[in-house]
Each structure stands twice: as C-alpha cells, then as structure tokens.
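Working notes, structure below.
What follows is calculated from the coordinates using simple rules that are stated; it is not laboratory data. In this text, all values refer to a predicted model and were calculated from it rather than measured experimentally. In this analysis, Cβ positions are derived from the backbone assuming ideal geometry, glycine residues included, and neighbour counts consider all displayed protein chains.
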Amino acid sequence: MPLVIMSAAFMNNMMKKIVEMLRKHPEGLSLQRMSRELHLVRREIPLLKKDLQKLENKGLIHQVRRRYSLRSQKQLVRGWVIAIHRGFAWVRPEEAGGQDIFIPARFAGGALLDDRVEVVREDKREEERPEGRVLRVIERKRHLLTGMYKEYWGQAFFQSYESPSKEEIPILVPGGMQVSSGQIIEVDRKTRVAKAVLGGLEEPGVDVEVMVRKFSLRRLFPSEVCREAEKVGAFLPSQEIQEREDYRDWVTFTIDGEDARDFDDAVSIKRLPEGRLLLGVHIADVSHYVRPGSALDQEAYLRGCSVYFPETVLPMLPEKLSNEVCSLRPDEDRLTFSVLLEVDAEGQILSHRFFPSIIRSDARLTYSEIFQIFEGKHPAREVLSRLQSELRLLRGLAAKLRQRRIAKGSLNIVSSEPFLIYQDAKLVGVEAILPNEAHGMIEEFMLAANEAVALYLAGQHKACIFRAHPAPSLHALAELRALMVHFGVTLPEPKKIGVRDLQKALGEAEGQPWERFFAMRILRSLKLAVYSTENLGHFALGKDSYLHFTSPIRRYPDLLVHRCLKQVMKGMDLEGISLAAAASWSSDRARQSEAAERELREWRIYRLLHSRLGDVFLGYITDINKAGLVVELNDYFVNGIILYQDLGKDYYVRKSEASVSGRKTGETFNLGDRIRVSLVAVDPELRRMTLVPVLDQGEEKI
C-alpha cells in the first residue's frame, strides 16, 4: 500500500509532496535539493525541516549522510500486539516466520494488547533482536479496557492494564457511579467513559477478574457446550470395549499433585525376560468424547489450554469431562490411548506401540507420598505398601532414561518455583519449592511417550502438530558466552555451542553462589517453544522430533495429536481443520495463559511485600542497567532495583557487561552476587520495588 495513502491522516500537503518526490528519487535527496525541487523560498525552509522531522518521527523517512529517503517496504511490518509489559510491548508479524518485534512504550503509539498495528522496524544487525515503533493502529480489537481509577483535584483519570505505558488518561464517570481512587474499573476505549466498577484489588476475586479480561480468558462455558457435556456419560458400550486393548487387570495408577482434580495420565510397568521392562503410559482418550466440530471442540479450541490460578481453575473442558468422565479416577473403567515402551536394562527404548485401550486405575497417588517412600519412610497408606515393587521398578527405569537423555544432549535445569501460602484466603507467605524425584520420574515417562509418538508420526510423513523449540540465535549465544567468561566458564564459539556445552556450564556452576543466576541466564538465552506443523526438533531437550501427547484434558494440541495418531493408524489424514492455524492459535493461547498465571502470582507477591516495608531479604543481582542493580529476592521470585545513588557516596562505572565498580572505593558488584537488601518502596500495580543494600552483615537472610 502506498505510504502517502497510509499516512494521509496526519500529513499536510507539503508532507505529501515530500513523500511523492522521494518516491521518484530512491537514492535520496539533500535538504537543498528538495527545497529547489519544491520551489521554496528561504523563509519556507524552516517549515520544510519541521515537516521532514515529523515524517522521520513517524518512521516514514530516514536520513543517511544528509540525504533523506523513504524507508523500504521491508521495514514496514504489519502484525498484532501479542504481549504487554510496563515499559514495552511485543508485536508478532502477520507474515509467517517473522521474528517478534520489541516496541519501547514511548514508541507504542497508543497501541494496546491485541491491536493490529503497522510497525516501522529499525535497522539492526540480522542476529540482533528486532526493534521498532508503531506507525499506526490498523484495528482496535479491544473496545473495553480494564485498569485503575485515580482522582486528582476532582478530575478522574484511568491507567490501563492493557497498555505498555503508565500514562494516566482523563475519563468521564457517569453520574451515580460510585467509584473510589485505587479501584479497578472498566472503560470504553472510544468514548473514555467508565462502564463498570470491578472493586478493589484486595477484594476476593477482583485480581483474577482483571487477568481474565486483560488476557481474554474464557471463564463461563456457553449453554450449548454445557448441554453437550451433560449428555456425555461414563457408560461404556461392550462393542467399544471389544475394539480396545484391555488393561484393566494391569496394576495401574496415577501420580499427581495433592490438589490435582483432573488425572489425564496413568502408568504401569511389567518385567520382561533378560532384564527388559515394559512401561505403559496411559492417557485419557479425550478425543473419543470431544468430536471434531462439536460445541465442546470449538470451545476447547478457543480456550487452547486450562489456566491455573491459586484458588480457581479455568478448565479447557467442562468439569463433567475434565474431572469426571475423562479423568482417570481410581476404581473406575476409563477409555485411554496407551503408549507401550519396551526398554532394555540400559534404558534404551527398543520398541513402541500405540493403541486405544481401557484401564482401571488402582490408586490415586501423590508426588509427596511417593517421594517419602523414596526417602525410606514408611508408607503412609496401605495401597502404597502394595505398590512398592512397581514403584521401585519405575524409579530405576526413570533414572536410566534420564541418564541416557542427558548423555545424548538434553538440557536438565531443575529450578525452584514459588508456592503461595494462604491463611483464611489471605496470602501470608511464599515458599520456594523444588520438584522432587517423584516429579522427575513422571516427567521422564511423559517425555519418552511424547517423543515416541513424535518419531512415529514424523516417520509416517503425515500432517500433525509438533512442539518446536528452535536453537538460540547466534547473537544470544554470543552474549551468553561473553557473560560466562566473567565467571571463568568457557564456551565454544557461538555457532558451535550445543546443548551439551550449556549442560556442562551448568555443572561448573553447581554449588557456586551464582548457580541460580547461571540457570536463569541460560534459560533467558533460549527461544520460546511453539506449536508448529513443521518438525523442527526441540533444542533444549535435544530431540529431533517432539510433540505434546500426554495432556489432552488441559491442552488442545494434545487432543489434536490424539486425533492425528488415530487417523494415521487407519492410514488416513486428519481433515476438517487447518493444523497450521491451530498451531499458531494454540501457541498464542498458551503464552497468554502462562502470562496471566505469572502476572497474578507476581501481583499478589508484590502486594504481600508492600506490607513488609523495612524488612531485610537475601537476593542476587540479575541485571545491571543504567539506573542501577536489578535484584531478585530469593524466596519471592520478584525483582526490585537498587539505584546507584543508594550504593553510597561514590560514582559507579561499568567495568564489564557483568560488573560495576565505585571509582573512589573500588567496591564492585557483579551479576550473580548474593546481596542483602532492605525493602523501601513497592508499587504493586506496576510490579516494581525499590531496594537499598544492607552490607557487611553476613550472608544469611534475617
């Protein structure tokens, strides 16, 4: 589309003439040449300069060596705002395969989450992260915005949670609407009129409702979906059973978290001759109940995945299916899709089989009680005593699978996660939880089953949805390599860095004060995994083929993979759906759901910390920027900043990418350093906090 048409809304006649003139001269023109071409007199040249500056600010033209020229069409990109953070946004190009573009808040041009925009991509080296500025908003998808109401001198203002900017805009509040400063409201984007008051952030459920609206999550199921769900019964016709392999006489059980309600995977194990084992991974056969094109299927597609908040779940499927009919509850016959893996004594998978099946789970076990058995403690329940033989076999097999996986080149980062502690529905603390051996055991079996299905489908050359994780960019690996030199860890040149090199680096960091920082920076260097119809492999896992098969109750791509596998086993292709569109949509929904879960968790943690001003915490330095040192609090998993001015009466200069030092004192702060800090200010809404160092008092947290 011609630039002059695109930008007519803000261009005067002189600007249009400039654009048309530069279009005829792609080599560019100097200011003097343009003034002659436009027949301007001397007093008009300042006006020409102003118009040129406006066009440059809009990103339509640029100046190189005193010549003005139009930006190439390659630099103009259309896409969607897919993520919003305070201070920046991300735009995903419409053109398939394009890299996401980083947009600083000052260049967002009023664009909000989910808007379709036109972006001017800045000139960067090919390997660097693309950056740009929003030229215009093409389509405003959101009509209602959610944010905080504020009032100054009797004037109403609004700060939107869907904007990367912290700008507060004036709004109108209808007469009769009762709203107080600090409450969360909904505002009409076009008219800027307040439409609804959601309540205060401390009121139960309000912060969840903000996440639902901000990330376009679906809370209630449409009536048609509910009606379909109610018609689904647990009764299994004899013909259906006869068409499946029957494993109801096998010892089978589920292992999940204590608060899990949907059980979509069960395991079983049997001894074979010559030290071989037969591992059974049995997955809920959701595809039997959720038929393509049904209301249940359409709703599951729109949701993409289940979303887990601390006190509530937004399931992909209605509870009738997710918690009852499809859930592998103990002592109930359930339809499954089984993967049988024959494994030798060294942990090598010799063969695999897939087939629709029926099982009857013997028990619902939890990670914590299995781990207690592994730790040598007496079984807490009688059923655990009966299953100890199977558990020993499973434990040994998982260890061999893990050892073999890592030896072949698979990144194995075990990181702690925040567990929020509530008392009387109020957050009172945060605890760092490390996955235990029982978690790792089940994860190994799911990885093995997922890979087996991926290898089979890839070998059949049939259309399917894979879980793709591309290798990191050379630029990201170069930055990581330069950083690791500071810690005495050497990596090969970027183009030769592989998973084994990163795993070796993690091993060298083990036991060091900066071990956690190392793991975080390696993870940051990796690209995001996405769903794709192309089998691109999985870099972090070191797999040539990988997909998601084991969680069809809570992930739509897994449900599609079940359908693909059934069709391929019949010698047919999956029809009636665009797998490429489903892969793209599922990737977006998974990312939005993860962002909603993370943002709600961080929001609540910052609000908890707001009540602990003046307390002292132990943290570690995760970044060094122009303003100061970024510190993550160890037990809280959120960041704050120590301003340089609060480091003492000294001037701090950057010694390297990994450290700063005071000119007078020589005091040095390094990335990864542990540091004790006092909390002096918190802004829960912006998820920011200010810290000051507490030095020379030991290293333990008070």
Taking 27 Å as the cut-off for C-alpha to C-alpha distance, list the pairs among Lys150/Lys426; Lys462/Lys495; Lys504/Lys543; Lys150/Lys649; Lys462/Lys543 that go past it. Lys462/Lys495; Lys150/Lys649
Taking θ = phi - 60°, what integer Hz values does the Karplus form 6.51 cos²θ - 1.76 cosθ + 1.60 yield along the range 236-251, in sequence order, with x for Gly and Pro? 10, x, 4, 5, 5, 5, 5, 7, 10, 7, 9, 10, 5, 8, 7, 6
Would you mind listing how long the range 259-347 runs along its three principal axes, going by Cα atoms, in whole Å with the largest first? 49, 32, 26
If one compares the long axis through the Cα atoms of helix 556-569 with the longest principal axis of the Cα atoms of the chain, the angle in degrees, nearest 10, works out at 50 degrees
Can you list, bin by bin at 10 Å, the percent of alpha carbon pairs in the range 473-620, starting at 0? 9, 26, 25, 25, 12, 3, 0
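Where in the range 598-681 are there chymotrypsin sites (Phe, Trp or Tyr not before Pro) that are in a DSSP coil and have at most 14 other Cβ atoms within 10 angstrom of their Cβ? Write down the numbers at each step before the final one.
Working: sites: Trp603, Tyr606, Phe617, Tyr620, Tyr636, Phe637, Tyr644, Tyr651, Tyr652, Phe669; in loops: Tyr636, Phe637, Tyr651.
Listed in order of number, the matching sites are Tyr651.
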In degrees, nearest 10, the alpha-carbon axis of helix 499-509 is tilted away from the dominant principal axis of the alpha carbons of the chain by 90 degrees
If I take the Cα coordinates of the range 312-425 and project them onto the principal axes, what are the three extents in Å, biggest first? 48, 37, 33
Any lysines whose Cα falls less than 25 Å from that of Lys655, other than same-chain ones fewer than 8 residues away, would be Lys626, Lys664
With DSSP loop assignment and no more than 16 other C-beta atoms within 10 Å, the GluC sites (Glu not before Pro) in the range 445-514 are Glu510
From the residues Leu217, Pro684, Gly109, which one has its Cα farthest along the dipole of the chain in the positive direction, the dipole being from +1 and -1 charges on Cβ of Lys/Arg and Asp/Glu about the Cα centre? Gly109
Please report, to two decimal places, log10 I(q)/I(0) for the range 526-574 at q = 0.16, 0.20, 0.28, 0.33 Å⁻¹ as given by the Debye formula with identical point scatterers on the Cα atoms and no solvent. -0.53, -0.78, -1.12, -1.18
Reach of Lys320 by Cα under 18 Å, taken over lysines that are not fewer than 8 positions away in the same chain: Lys231
Based solely on its DSSP helices, what 222 nm [θ] is calculated for the chain when runs of n ≥ 4 H residues each add -39,500 (n - 2.57) and the sum is averaged over all residues, nearest 500 deg cm²/dmol? -9500 deg cm²/dmol
Taking loop as defined by DSSP and a crowding limit of 10 other beta carbons within 10 Å, which chymotrypsin sites (Phe, Trp or Tyr not before Pro) in the range 152-209 fit? Trp153
Direction-averaged shadow area of the convex hull around the Cα atoms of the range 206-256, nm²? 7.2 nm²
Translational D (Stokes-Einstein, µm²/s) of the range 391-513 at 25 °C and 0.890 mPa s when Rh comes from the Kirkwood sum over C-alpha pairs? 137 µm²/s
Largest-first principal axis extents, alpha carbons of the range 420-471, Å: 54, 24, 23
Straight-line reach check, Lys54, cutoff 27 Å on alpha carbons, 8 or more apart in-chain or any other chain, hits among lysines -> Lys16, Lys17, Lys24, Lys74, Lys124, Lys166, Lys190
Over all distinct alpha-carbon pairs, what is the Kirkwood Rh of the range 179-245 in angstrom? 16.1 Å
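Over the Cα atoms of the range 575-688, compute the convex hull volume and normalise it per residue, giving Å³.
Working: hull volume 15.9 nm³, N = 114.
Cα-based convex hull of the range 575-688, divided per residue, equals 140 Å³.
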For the chain, give the magnitude of the charge dipole about the Cα centre (Cβ charges: +1 Lys/Arg, -1 Asp/Glu; no others), in debye to the nearest 20. 3580 debye
Average projection area in nm² (convex hull over Cα atoms of the range 77-122, one quarter of hull surface): 2.8 nm²
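Give me the percent of Cα-Cα pairs in the range 555-601 that sit more than 15 Å apart, rounded to a whole number.
Values: 580 of 1081 pairs.
In whole percent, the long-distance tail amounts to 54.
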Quarter of the Cα convex hull surface for the range 69-217, i.e. its orientation-mean projected area (nm²): 10.7 nm²
For the charge dipole of the chain, defined by +1 on Lys and Arg C-beta atoms and -1 on Asp and Glu C-beta atoms about the Cα centroid, which residue among Cys305, His610, Val530 has the Cα displaced farthest towards the positive pole? Val530
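Just the ratio, please: alpha-carbon radius of gyration of the chain over 2.2 N^0.38 Å, N its number of residues. Write out the running numbers ahead of the final one.
Values: Rg = 28.8 Å, N = 702, 2.2 N^0.38 = 26.5 Å.
Taking N as the residue count of the chain, the ratio is 1.08.
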So what are the range 130-196's ellipsoid semi-axes, whole angstrom, largest first, if each one is the square root of 5 times an eigenvalue of the alpha-carbon gyration tensor? 25, 13, 10
